[in-house]
Amino acid sequence: MTSPSLKINLAGLELESPILTGSGTFGYGLEYLPIIDADDLGALVVTGTTWEPRPGNPPPRIWETPSGILNAIGLENPGVNVFIQKKLPQIASYDLPIIVNVAGNTLDEYAQVIRELEKAPGIAAYELNISCPNVRQGGMAFGTDGHTAAAVTMAAKSVATRPIIVKLSPNVTDIAAIALAVEEAGADALSLVNTFLGMAIDIDKRRPVLGNQMGGLSGPAIRPIALRMVWQVSQAVTIPVIGMGGIDSWQAALEFIMAGATAIAVGTAFFINPYVAKEIRQGLLSYMEREHFTSIDQLVGIAWQ
């Protein structure tokens, strides 16, 4: 019998595994990659990159909640030039496809960051962050309206030679409509979902816990809603979908794949278990062998086909 294969084609990228890292939670991978097996990953999605350095939001910036966490990091990063000069060469040594998450305050800024990244070798694709819920400008503001989401996508496509993946916000009434607008604007793939807007209050201080007051909720608490959105979007569009939202096991990953995701991204689970990608990879292969599937592609969208 042929050994099962996890290889996928994601917007023209030939990846050895459907398991990606969630932007932000994995940083640049420099803390994780020395202790995990990079072969378990299909690609490394690095943290949000902007034109100018960003200090992020005031602390506290992370708060644990039942079955998840709230974060209000605020896209802290050293800026695109420092990323290219210092971070990218370090990451490149791990021989993983690198997808750069790109954020901006304006359409021009998204394009400006991508123009700069286009000069750098070793980048496989870009993920447009139009969905971060804890920044005061840009971020989610671009992702909650189909027209603005499409405009950002077109601005990025006009300067990019690499695939454009658009990361969608779940903080909308009709995510399938946003997905269709972005697809029509030229997106090569979609990531969904980013975090849900939430908050916590310190009852002793009688004030919000987070320095930014509100933040993004991630972790297993959001998985059923994220899964529903992947189900809806994958049936509405023809481009590949990367599913994410509380994936912490191979069973959870398989749910997203069966709902229509070509690939999945793991985020919060890495904080608890740095070896979760290996467990997911081994679990998927064991399931496929047991159920006589030869390619992970055979399972994409099988729940609604």
Test: residue in region 65-86 that is modelled with pLDDT of 95 or more, in a strand (DSSP E or B), under 15 Å from the mean Cα position of the chain (by Cα) and of a type in the set (A, V, I, L, M): no
Residue satisfying all of: in region 159-176; over 16 Å from A261 (Cβ atoms) and at pLDDT 95 or above; nearest to the chain's Cα centre (by Cα) among these: I164
Single residue of region 147-158 satisfying the filter (hydroxyl-bearing (S, T, Y) and within 11 Å of A111 (Cα to Cα)) that is nearest to the chain's Cα centre (by Cα): T153
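In region 203-216, is there at least one residue being part of a strand (DSSP E or B) and within 23 Å of V166 (Cβ to Cβ)?
We begin by selecting, within region 203-216, every residue part of a strand (DSSP E or B); these are 207-208, 215-216.
Narrowing the set further to residues that are within 23 Å of V166 (Cβ to Cβ) leaves 215-216.
Yes, the conditions are met somewhere in region 203-216.
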Residue ID - surrounded by the fewest Cβ atoms within 10 Å (Cβ to Cβ), chosen from residues in region 100-116 that are under 18 Å from the mean Cα position of the chain (by Cα) and closer than 20 Å to N194 by Cα: N101
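Let's see how each residue does on (1) free of Cβ contacts under 8 Å to residues at least 12 places away in the same chain; (2) in contact with a His (Cβ under 8 Å, 6 or more places away or on another chain); (3) under 30 Å from E64 (Cα atoms):
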position: I257; (1), (2), (3): no, no, yes
position: A269; (1), (2), (3): no, no, yes
position: L284; (1), (2), (3): no, no, yes
position: R290; (1), (2), (3): yes, no, no
position: L299; (1), (2), (3): no, no, no
Residue list for region 251-279, restricted to those being more than 19 Å from V230 (Cα to Cα) and touching a strand residue (DSSP E or B) at 6+ places or on another chain (Cβ under 8 Å): F270, F271, V276, A277
Some residue of region 7-18 being polar (S, T, N, Q), under 23 Å from L210 (Cβ atoms) and within 19 Å of the chain's Cα centre (by Cα): no
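The values are calculated or read from the model by the stated rules, or taken from the named source; none is laboratory data. Fair warning: this is a prediction, and the values are worked out from it, not measured in the lab. Glycine gets a Cβ as well: all are built from the backbone with ideal geometry, and neighbour counts include every protein chain shown.
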